[in-house]
Ligand SMILES: C[S@@+](CC[C@H](N)C(=O)[O-])C[C@H]1O[C@@H](n2cnc3c(N)ncnc32)[C@H](O)[C@@H]1O
């Protein structure tokens, strides 16, 4: 176990959590209040080794003030991977000093919107001051920072095209609640791209109760499978993951930085059989979709309208030969 949160120990370190009072929103021995005071201090005093090594592309961060880069505590680069489109609305959860929001601002352009959500006032204050500098440099102002929790996101239903988060879900004491909130704020066909710390086996209860390790982005980590199962349970499909790098090994458990992508799915219109077909093209002998349908390679399968639409889009685009009701390629795809 760690013996206090300090930068000398390396990793996601900071002020000692152990003296903070436990709040009501707690998991095991850890509370949201503790996480909040921990990152409040990390906003005031930049800590070089906090969290994980993250390489941002110079062209993505050239318009971002140095102060923001100094308090960037992510473990991936979800916005660079997601590449939101012009005019899109992006919600970044646990936005911290705002780095991912400011990267997104350039990609969504003057017609887009970026909403950063964080519970920690000193982080929000830093982010808001620097938002003005970013707006001056870009020539438009599309970023706002809202105070709130991942578990109660202060954004209306279906407002976001993309939800991102960078090294934050592991800190939540109510992860199912976070996934259900992400699902709520995403528009039909919206998606999430989330970088987080995950473990190669479930973190034992004794470690989960260690608030210091929680603050270090260790003991609150899910396994990749637990993460995907929670996302699936909240209604997401097409989940993929990129394991980026091994970050640390603690008590024999390996902790990795991993980026997850998933899709919200469209509004249910009723799945109608109208003669559409899907033929799986490989690789491998068969593909099992998120609802458990098995497609054998080369076998023509009649699919309903929802499934046909889903298989035509990312992340399945190109994996199937699809035909419309009249045998032709359906419009809008291929
Ligand atoms: C490890 S830092 C990452 C900050 C930022 N994403 C980045 O890449 O620099 C975690 C951030 O998430 C915020 N946070 C943690 N748990 C939260 C929760 N349950 N609700 C809202 N914000 C939370 C903290 O205040 C902190 O700013």
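Just a few scattered comments:
- C-alpha long axis of helix 121-138 to longest principal axis of the chain, angle in °: 60
- Among 182, 253, 71, residue whose mean-square fluctuation peaks in a GNM of the chain (springs only between Cα atoms under 10 Å): 253
- For the chain, the relative contact order is 14 percent, taking Cα pairs closer than 8 Å that sit 6 or more residues apart in sequence and dividing their mean separation by the residue count.
- Tilt relative to the chain, helix 175-185 - C-alpha long axis, 0 to 90 degrees, to 10: 60
- Dividing the summed -39500 (n - 2.57) terms of all DSSP H runs of n ≥ 4 by the residue count of the chain sets its mean residue ellipticity at 222 nm at -7500 deg cm²/dmol.
- Across every pair of non-identical alpha carbons in the stretch 277-323, the mean reciprocal distance, once inverted, gives a Kirkwood radius of 10.4 Å.
- Computed over the chain with a Gaussian network model linking Cα atoms closer than 10 Å, the most mobile of 195, 219, 180 is 180.
- Principal-axis analysis of the Cα atoms of the chain puts helix 224-233 at an angle of about 60° to the longest axis.
- Most mobile of 57, 208, 184 in a GNM of the chain (Cα contacts under 10 Å): 57
- Counting DSSP beta bridges with both ends in the stretch 7-263, the antiparallel % (nearest 5): 50
- The spread of Cα positions in the stretch 7-263, taken along each principal axis and listed from longest to shortest, comes to 50, 39, 34 Å.
Taken together, the values in this text are just the output of simple stated rules run on the coordinates, not laboratory data. Bear in mind the structure is a predicted one, so any value in this text is a computation, not a measurement.
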